[in-house]
Structure formats: C-alpha cells, structure tokens
Amino acid sequence: MYIEKNHKCSEGKEVYHMKINKKVLAILTGLTVGMSSTAFAAMADSFTDVPKDHWSYQALDYLAKEGIIDGMGDNTFQGGRTMTRYEMASIVAKAMQKNDLNYGDKTVLEKLEGEYAGEISTLKKQVDQNTKDIKGLKDEVGRVNIHGFVRTQYDHDENTTQDTLDKQTNRFYMNLYGDFKVNKDWTAHFQSETNRHYNDGYDRNKETGFSPANGRKTWSGHDGNMQRIWVDGYFPNSKSWVSVGRAWRGLGMQNVLFGNESDGIQFGVPILGTHLTGSGFWMASTGDGNKESIYGVAAWGAVGHAVDVNFAYGKSSLDKGEVNGTTTYAYADSNDGYKIKEKTVAGSKNARSYGWVASTGINLTKNLRFLADYSRTDADFQNNSLALRLNYCNTDLNSPGTYQLYTRYIKYGANGWLAGDDEWNSIWNGTKGWIFGVKYVPAKNIEWETLYSPQVRGWSQDWQYDRKLFRTQVDYYF
C-alpha cells in the first residue's frame, strides 16, 4: 500500500489517494469477523469485474455483503483505480459499526480511526445533512396526496312489471381526491367525480348533473370538475375538529337520514367520560334553485367492546308544506320555431320539517357484524325508514383473497329521510326489498363487488312496480 499526493483539486487542497493492493485487502479482510471459507462459499457474485478465480474474490464479496464496501454503484469494483482517503474513511466507519469485533480487530480499527478521524467527521456531518435534507423533502412531498379509484360498472336494472331496462348506471367512473397539508393541524381537500356512460343512446346531460326533463341542475354533477372543496381542521388541546366547505356528508351509520353533497360546516368534540363524539352541523343543499338547509346535532362512538351507536337529529330551514324555491331556466320552444325562451317553475312542497336517525353496529362474532338504522320524519305519509345489514368478514385492499359476504333488508318510506344516500340509484326512498352481495379482492388495491336485489319501488303508491337489479363493478384504487 502506498499513499500519493494529488495537487489537482479545484480548491488547491492536497488529496491523498491509496492504491488498492494485496496488503490493503489483507487488512480489510482482517477487519471482518467470523470470516471463513464456508462463509465465502455461501456468497453470490458482488462485482462483475472481479473474476471468481481472483485471489481477492472471496474477501471482496464478503465485505460487500456485509455492507463495508459498496463498489462503484454499477456492480463493478474497479480495483485498478486509486482510492481516496474519504473512501478509506467510509470503509473504516462502516467496519466500526459491527458489533461482533474481536480485540485484535478493535485495535486495528482504533488506529485506522485515528488516522482518518478528520475524514470520518466530515463524512458524519455530510450524512447528517443528507438525512436532514431527505426528511425535509419527504415532509414537503407529504403535503400533497392524490388518491381515489376508477370504476367499471354494469347494471341489469329491470322493471319486471313493465319489462323495461334502465341503463343509466352502466358507466366508467373516476373518483379523485386531493389532500393538501396546510400545516400539522389543517388540510385542504378537493373531490372530482367523472361519469362516462357506455355509448348506448344515453342522454349525456345526465353526466353533468342536469335533469333532461327540465334542464335544471340537480347538483354539482359528475363532469370532472373539482365540484367539492373543503378544509378540515384539528384542535389538539381540545381534541376537537371542524370541516368547512362543500363536501359529501352523511348522518347515520348507513346514511339513511342524510347522505348527500352539501355546502356547510360540521364540528366534533369528545364527550367527557365516554368514547363518544358530539357533533353539530349546518348543511345546505347544492341543487339548482333549492333553498333548503338542515341544521342539527349528532353523536356517535363505542358504548362497549363490541357495540357502536350513532344518533342524529336534523331540522329543515323550511316549514312543513313550504314550497322549496323556484327555478328559471332556458329552453327551445318547438312550437315557436325553436326560439329560446325562459320558464319559471315552482319547487315541490316540503313534506317534512325535521327528522332523526338511530343506528347501532354490533360485532356478533369476530367475523360477523350487524348494522341497523331507523329514521323518522314528521311527514304525513311513509315517514320512516329501516335499513338492516349483516356482514361476514371484510375485504382488505392490501390482502388479495380477502372477501365480504353481506345481506341487507331495506324498507325506505317515501318521506322517511331528509336527503338519504340512494347508493348509485340502487335504493331510493319509497323502496323496499333485499340485497345480497359479495366483495372480493383479486389483487392488491382492486375490489370486485357483485350484488342482486329484488325490490319493490314506490310501494303502496300508484306507480308501484317490481324491480330486479343485478350489478357488478370493479374498483381500481390508487
């Protein structure tokens, strides 16, 4: 081994290089512990430019596997080049980290550590700075999170009374979320939903949230815009939270009373001495021309090791029987040369002014969970709704092969909710019947769900009909 000076550094400093020879490799070999011919034989090739019959092959391979030397980063060792003092210092520092050194190894390493103390100190500072920089970059990258899923869905939605099919939910769909960390306690969000129905004579107006019957905007739509934006804040001292903006919100475990898009605010605070969260809310409908808003209180949480409860009460800003606003829209009059005209229509009368829901979830066994929701309003006709669900097992997107079987019974009154979740047109108000379904994870982050539902739509009403719904859909999460 010999040390040579190199005066070609840009800063004019002397940089010492060390030729790699047999003596150096012998010293490095001596720094490793428990090295034997058996250990060498178990190693795979580490460097493509070191032949197996080379005298240094076993030593170099072992040192590489132990993490003491790295080579040039391209699977080569380049043993004919000169080694810098910093490279030697790095080797010594890595060897010092081994816990099973014998006395002789420690003595040699301590001498080498003294020789390269300056370089080791510089390397440590650089590692510390790199660690700090990497953490800073990870924190910055972590401030932005884009996630969601893409769905392919097919429905065989049959009106068996009239022998017709409804194809409005045969579609490709994307649900895209964006989460932006403002600081450790506040996060801004957006949600964008996009529907692209199969091209089978479908009315494209429905993709953008317009009713084809009257041209009215039914809600913010599925047109791919960022139709929902809101912020969530957390207050660590009180362990409370608040959500403000346009978002999808639900009341009840199965969103029977309310499950819809709304503008508004909701907050939650822990109820002392319990595992419950108390909440207050104000939510305004986003439908075109709809002036109704709902405000109220809710509470939810665990009341035992296997029982959860959920209760919510909502009061409408409209009195019972009050007309829910008016809407003016433009249309082409086919009776007058298709001239563009305006028409104003009155909204429907409010059938109820308040409603409440009581829900429970019970873990009957390790893999069996029962859910029950009952909601009621002050309407005069069909003013209550019931939803029962029994789940067996659960899917886990990270565990292919996991599955869930479920059975549901629903009996939703025509006025048994404030604005409940219709679950993609599968369970409207005024519907009763059964739903049998299965979910399955065929691969990581992919979930396949298939259901069959015999039901009666508009039960006990003039327009009642029998319906059979078969649905299969695949969600690809990212």
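The values are calculated or read from the model by the stated rules, or taken from the named source; none is laboratory data. If you're wondering where the values come from, they're calculated on a predicted model, not measured in any experiment. We place every Cβ from the backbone using ideal geometry, glycine too, and count neighbours over all the protein chains shown.
Assorted remarks:
- Just one of (1) surrounded by 18 or more Cβ atoms within 10 Å (Cβ to Cβ); (2) in the same structural domain as residue 413 (by TED's automatic domain parsing) fails for residue 347. It is (2).
- Of all the listed residues (234, 173), the sole one being assigned to a strand (DSSP E or B), under 28 Å from residue 299 (Cα atoms) and at pLDDT 90 or above is 234.
- Of all residue pairs spaced 6 or more apart or on separate chains, those with beta-carbon atoms under 8 Å, a first member in segment 168-184 that is assigned by TED's automatic domain parsing to the domain that holds residue 221 and a second member that is loosely packed, with under 15 Cβ neighbours inside 10 Å and of a type in the set (Asp, Glu) are 170/200.
- Considered as a group, the residues in segment 397-443 that are part of a strand (DSSP E or B) and touching a residue at least 60 places away in the same chain (Cβ under 8 Å) include one that is farthest from residue 222 (Cα to Cα), and that residue is 412.
- Contacts under 6 angstrom Cβ, first residue in segment 460-471 being at pLDDT 95 or above, partner small (Gly, Ala, Ser) and in a strand (DSSP E or B), 6 or more apart: 469/453
- Qualifying positions in segment 263-294 - under 29 Å from residue 370 (Cα atoms) and hydroxyl-bearing (Ser, Thr, Tyr): 274, 277, 279
- Matching residues, segment 308-323, being touching a Gly at 6+ places or on another chain (Cβ under 7 Å), surrounded by 20 or more Cβ atoms within 10 Å (Cβ to Cβ) and either hydrophobic (A, V, I, L, M, F, W, C) or closer than 30 Å to residue 344 by Cβ (or both): 312, 314
- Apart from one condition, residue 331 fits all of (1) over 23 Å from residue 419 (Cβ atoms); (2) part of a loop (DSSP other than H, G, I, E, B); the exception is (2).
- For segment 406-414, the condition holds for at least one residue, the condition being that it is more than 28 Å from residue 351 (Cα to Cα) and either assigned by TED's automatic domain parsing to the domain that holds residue 295 or among the hydrophobic types (A, V, I, L, M, F, W, C) (or both).
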